[in-house]
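Quick notes on the structure that follows.
The values are calculated or read from the model by the stated rules, or taken from the named source; none is laboratory data. The shown structure was predicted, so the numbers you read here are calculated from the model rather than taken from an experiment. Glycine also receives a Cβ, built like all others from the backbone with ideal geometry; neighbour counts cover every protein chain displayed. To get the accessible areas, we keep the full protein, side chains included, count just its heavy atoms, and leave off ligands, DNA and RNA. Shrake-Rupley method; radii C 1.70, N 1.55, O 1.52, S 1.80 Å.
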Amino acid sequence: MAIKKIAVLGAGNGGCAAAADLTLRGFEVRLFSRSDKTLLPIMKRGGITLVEGGAENLAGLYFVSTLIIPVVNGADLIIVAAPSVAHEYLAKSLAPYLRDGQIILLNPGHTGGSLHFAHLLRSLGCRADFKLCETVTLTYICRMAGPARVEVYRRTTNLRCAAFPAKLIAELVGDITPVFPNIVAAENVIATGFANINAIMHPAGMLGNAGWIEKTGGDFLYYREGITPSVAAWIEAVDRERLEIVRRFGLEALRFVDIFQQSGLTSEDARVSGSVYRAIHESEPNRSIKSPPSLDHRYIKEDVGYGLVPMAEIGGLLGVKTPVMEALITLASAALGIDFRSAGLTLEKMGLGRTRPERLQAIVENGFAAAPLD
């Protein structure tokens, strides 16, 4: 399928970077956001300024709107570049308007994102013959440098991409590679979802620095100053639990440091050392990033609720104990006053509530047709 018309849902860091870059590369891009405040500067400027490698270019988008229908109508590819907490809203908004042949790319899928999105569309009665896939993380390491202005520090390399169901991976990666040449095929959405580096490192980093964040309003370098040896040890403990789940599912167990280096986020020497502390401290793209100003941030709300929770839930389904993940979920729930075990992405919300462990592989490979709704 030759992709020409692209809808980008979400006008944050990743969405604006994708919309600007793809426009400058000749694709017809439509951008959606629920927020008039977010889109107004883009409309006033006549596009988004993309800053990369010392160059600045204004990308005049084809269309921007707070209405989802005209943005997705006729789109070959729909890129969902929004926090996972927005997936339910977007799935409900899309369900009546999807058409046969459209591709949905969750960029990123986080953990269990495609399962969640597909289950929502299915339960909402969507009958369109769409195709769904996800990446491990954003295609761009970037930040909004101001209204209608996005700075790209680096493009993610060897970005793993999987389809749900997995039998469509070769087809969809082939379709999307001309759009994002940096993607590579992963085995399935368990492989992509459990390579969620944000879920591995952010909850420990946020909770380990809770006092510093609250005292300074985040006035410190999050990765270079906040990830101390003790915090890195928590991250390594989370990673060991994650690796056991991955092995139990029968997949290659790539360590956090391996995924981090393959994504272009740290040095080869750091990867070889196996040290999470060294890998994060030698991350050039993350060097200057400051801490979030409070605990009420996606580094907890998303990376606990839609990262650690689904990891621990799938781990429980497969019989793997995850005491460190569970401890971080408990601490995050207490700190924010949110019960992430119910508010987060549970097995039920991923469409796996009645799934037996031995059926999980079939569902991931063949879709929910392998386990029809009652």
Can you say what percent of the DSSP beta bridges in the chain, counting only those with both residues inside, are antiparallel? Round to 5.
35
The chain, helix-only ellipticity at 222 nm - DSSP H runs n ≥ 4, -39,500 (n - 2.57), divided by all residues, nearest 500
-12500 deg cm²/dmol
Heavy-atom accessible surface of segment 270-314: percent carbon and sulfur, 1.4 Å:
47
Could you tell me which of S291, F180, W212 has its Cα farthest along the dipole of the chain towards the positive end, charges placed at Cβ (Lys, Arg +1; Asp, Glu -1), taken about the Cα centre?
F180
Most positive-pole-ward Cα, G54, L39, L106, against dipole of segment 1-108 from beta carbon charges
L39
Quick check for me: using +1 on Lys/Arg Cβ and -1 on Asp/Glu Cβ, what's the dipole size of segment 122-161 about its Cα centre, in debye to the nearest 20?
20
Given a 1.4 Å probe and heavy atoms of the protein chains only, how would you sort D239, D339, largest accessible area at the top?
D339, D239
Find the centroid of the Cα atoms in segment 1-70 and in segment 186-206, then give the distance between the two in whole Å.
27
Could you tell me what percent of the accessible area of segment 64-126 is made up of carbon and sulfur, with a 1.4 Å probe and every protein chain present?
54
Longest the chain segment clear of trypsin sites (Lys or Arg not before Pro) sitting in DSSP loops (not H, G, I, E or B) with at most 15 other Cβ atoms within 10 Å runs 128-286
Please give the charge dipole size of segment 256-374, origin at the Cα centre, charges +1 on K and R Cβ atoms and -1 on D and E Cβ atoms. Round to the nearest 20 debye.
180
Per residue solvent-accessible surface (Å²) - the chain, probe of 1.4 Å:
39
Taking the Cα centre of segment 1-126 as origin and charging only Cβ (+1 Lys, Arg; -1 Asp, Glu), how large is the dipole, in debye to the nearest 20?
240
Mind jotting down the distance between the C-alpha centroids of segment 160-178 and segment 253-310, whole Å?
25
Sorted largest first, the C-alpha extents of segment 235-315 along its principal axes in whole angstrom are 36, 35, 18
Cα point-scatterer Debye curve for segment 1-96, base-10 log of I(q)/I(0) at q = 0.12, 0.13, 0.24 Å⁻¹
-0.34, -0.40, -1.31
Quick tally, 1.4 Å probe accessible area for S267, S84, S273, sorted with the most first, runs S273, S267, S84
